[in-house]
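Data first, discussion second: the structure below is written as structure tokens.
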Amino acid sequence: MLMAKVRVGLVGCGKVGQIHATALRSLPEADFVAACDASLERAQAFAERYGTRGFGDLAAMLREARPEVVLIGTPHPLHAAPAIQAAAAGVHVLVEKPLAANLKDCDAMVAAAQRAGVQLGVISQRRFYEPVQRMKAAIDAGKIGRPLLGTFTMYSWRDPAYYQSDPWRGKWATEGGGVLVNQSPHQLDLLQWFMGPIAEISGYWANLNHPAIEVDDTAVAILRFQSGGLGAIVTSVSQKPGIHTKVHIHGANGASVGVETDRGATFIAGMSGIAEPPLNDVWTIPGEEHLLAEFQAQDRARFQQIDATTHYHALQIQEFLQAIRAGRRPLVTGAEGRIVVEMFTAIYRSNRECRPIALPLES
Ligand SMILES: NC(=O)c1ccc[n+]([C@@H]2O[C@H](COP(=O)([O-])OP(=O)(O)OC[C@H]3O[C@@H](n4cnc5c(N)ncnc54)[C@H](O)[C@@H]3O)[C@@H](O)[C@H]2O)c1
């Protein structure tokens, strides 16, 4: 039986807002009732393009369009205020990554959702990539034994025009950080999802070749997990052209599984699409080695059938709407989004204080 459509409103009609709107229009579970932006003009033009109502003010949108869910795609330091306002009005909230730019905002958002009895989720659409789902299923089934070594490597590129495209980019005050905060949350989330709770992080960051911005374009970190496992992160937007982004997990029985989430540079919402399919690039589970080529063939074939730039957002939004109707928690909760913010906060703190930082972190 088809579930009753969920009334959904958007907050933020910018680059990622276009992905949200396209995804919402493709979902039978969604009734895209409104979009709002700090700029009323932008909201109205956007609403006309996507066949919905435009508002210049969230309070008016909540009152007049009565969404049951809002999707938030404002710049990171501006996630918390609309999330808290919507939750206080009894509306479920799905926020773009990262959940927030700092832990204080995360805690205020989680507390507001708890107080109101609404769900808080955070976008991490790469969890819905088939190669990623395959890795998670194999790890959960015990096929690599305990996951004990996890690596995330990103060699990507952002040019000066990207940082100039919006005034909030590349500054501590309005972006909250650089490559760690903006481009890395997807893979930080995958690493913690696959490997489990983190005990300690040491890290450094630098700005290697983006003199026009204040924030990090490169970071490296070492992790110790509560399981006793280890991890390593090398993440950068300083390679021109971008090369790849990968997450690899190695288990206690010696077997390894891995994904190349991005080939070349990571895509830029509203500016570039996803040109190459995400693929498993390592699969050494005993007896399953031959599956790697099959997985790759399946994933390449699927990639021809879908628009990968919006498809996985649509899958996550769909899962969130189904969770709302079923009265259960979504796959990626606010609490999990907070772990990613802990990870980058710990790396910045470790760099500043020249010491390993133990998790969990208080705000
Ligand atoms: N999941 C992904 O792959 C992905 C991709 C791109 C961006 N994002 C995330 O989406 C967020 C936005 O990024 P973007 O590239 O779309 O930025 P953007 O600057 O293109 O768009 C942000 C929009 O928010 C509006 N806005 C600002 N403050 C507002 C407020 N208080 N109320 C309502 N609207 C407000 C701006 O006017 C603008 O239209 C960021 O947190 C980013 O990390 C995620």
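Details
- Options L71, L103, L99; residue that is farther than 21 Å from R42 by Cα and either open to solvent by 40 Å² or more (accessible area, probe 1.4 Å) or under 14 Å from the mean Cα position of the chain (by Cα) (or both): L99
Here is a yes/no grid of residues against (1) away from the ligand (no atom under 12 Å from the Cβ); (2) in contact (Cβ under 8 Å) with a residue 24 or more places away in the chain; (3) among the hydrophobic types (A, V, I, L, M, F, W, C):
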| site | (1), (2), (3) |
| --- | --- |
| V16 | no, yes, yes |
| H20 | no, yes, no |
| S26 | yes, yes, no |
| V33 | yes, yes, yes |
| R42 | no, yes, no |
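- Selection of the stretch 53-66 for residues being part of a loop (DSSP other than H, G, I, E, B) and either in contact (Cβ under 8 Å) with a residue 40 or more places away in the chain or aliphatic (A, V, I, L, M) (or both) yields only R66.
- Under the condition of being more than 9 Å from the ligand (Cβ to nearest atom) and open to solvent by 30 Å² or more (accessible area, probe 1.4 Å), the residues counted in the stretch 51-66 number 6.
- Residue in the stretch 154-175 that is touching a Leu at 6+ places or on another chain (Cβ under 8 Å) and within 25 Å of R349 (Cβ to Cβ) present: no
- Of all residues in the stretch 162-206, those satisfying the criterion of being among the hydrophobic types (A, V, I, L, M, F, W, C), part of a helix (DSSP H, G or I), open to solvent by less than 50 Å² (accessible area, probe 1.4 Å) and within 16 Å of the ligand (Cβ to nearest atom) are L188, L190, W193.
- Residue that is nearest to the ligand (Cβ to nearest atom) [pool: residues in the stretch 244-269 that are more than 21 Å from R300 (Cβ to Cβ) and open to solvent by 10 Å² or more (accessible area, probe 1.4 Å)]: A269
- Here the helices (runs of 4 or more DSSP H) wholly within the stretch 67-161 that include at least 1 residues being modelled with pLDDT of 95 or more, small (G, A, S) and within 16 Å of the ligand (Cβ to nearest atom) are 80-88, 103-116.
The values are calculated or read from the model by the stated rules, or taken from the named source; none is laboratory data. Computed from a predicted structure; not experimentally measured. No Cβ is skipped: glycine too gets one built from the backbone with ideal geometry, and neighbour counts run over all protein chains shown. Surface areas here come from the heavy atoms of the whole protein model, side chains and all, with no ligands, DNA or RNA. Shrake-Rupley method; radii C 1.70, N 1.55, O 1.52, S 1.80 Å.
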